[in-house]
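First the structure, in the form of structure tokens, and then the observations on it.
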């Protein structure tokens, strides 16, 4: 087996990306929120792409960023946002035996990883990526040769898995309409028949010498318009009092 010493730049890139990749993987499995886990996974994918590019595999690096980080991960985040991330996870097994299946698959993955690493370290002559790229005329040609020859079945199974995941996301995000969509006339009638304010709300701070959203506007009779304050500010108690002098000024102006 031949070993090639890495220069200082390669070592720095490797250690930085390796630490960030492992940190992202740990954050993925320890985060309590699904969105945070997805962002941690994106961090790991980006650093893996940098490692691919640093090891003379620019096509893999670009695919890692464009397809997986830019498309697949954004699809995951979109599904999480649409379906909802506030729902608590249920600990009840809806499918019998799924826990044992997960344990079996996890152990299988561990065996495959150990077998792969052991095969790489079992005295097989090391071939650099530059030599592998020259064999088929380039990085893209070499990947295409492997995909459509030795790994054709694995490639097709992975494609089917991604298509199934996309269809599952569409099914989870779909909401069936049990009633016909209301027309514009029906929406207008419901607006005026409801208990809320049917017209446009007064602007905040319009007559109070203050144009901030936490200051209520004043009606023509000098009364503060509570509906001009957003509900979130009312809930937090961030509503500013109206200056009495402004109220008197408006009353005097109305009397004239």
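Can you tell me which residue is nearest to residue 158 (Cα to Cα) among those in segment 79-99 that are surrounded by 10 or more Cβ atoms within 10 Å (Cβ to Cβ) and modelled with pLDDT of 75 or more? The residue in question is 98.
Here is a list: 57, 42. Which entry is crowded, with 16+ Cβ neighbours inside 10 Å, modelled with pLDDT of 80 or more and either touching a strand residue (DSSP E or B) at 6+ places or on another chain (Cβ under 9 Å) or more than 30 Å from residue 171 (Cα to Cα) (or both)?
Within the list 57, 42, the selection yields 57.
When you look at residue 211, is it modelled with pLDDT under 70, surrounded by 11 or more Cβ atoms within 10 Å (Cβ to Cβ) and assigned to a loop (DSSP other than H, G, I, E, B), yes or no?
Numbers: modelled with pLDDT under 70: yes; surrounded by 11 or more Cβ atoms within 10 Å (Cβ to Cβ): yes; assigned to a loop (DSSP other than H, G, I, E, B): yes.
For residue 211, the condition - modelled with pLDDT under 70, surrounded by 11 or more Cβ atoms within 10 Å (Cβ to Cβ) and assigned to a loop (DSSP other than H, G, I, E, B) - is met.
Hey, does segment 159-176 have a residue that's modelled with pLDDT of 80 or more, surrounded by 10 or more Cβ atoms within 10 Å (Cβ to Cβ), out of contact with any strand residue (DSSP E or B) (no Cβ under 9 Å at 6 or more places or on another chain) and part of a loop (DSSP other than H, G, I, E, B)? Looking for residues that are modelled with pLDDT of 80 or more, surrounded by 10 or more Cβ atoms within 10 Å (Cβ to Cβ), out of contact with any strand residue (DSSP E or B) (no Cβ under 9 Å at 6 or more places or on another chain) and part of a loop (DSSP other than H, G, I, E, B), one finds none in segment 159-176, hence no.
The lone criterion from (1) at pLDDT 85 or above; (2) over 20 Å from residue 172 (Cβ atoms) left unmet by residue 116 is number (1).
The values are calculated or read from the model by the stated rules, or taken from the named source; none is laboratory data. Just so it is clear, the model here is predicted, and its values are computed rather than measured. Cβ: placed from backbone, ideal geometry, glycine included. Neighbour counts: every protein chain shown.
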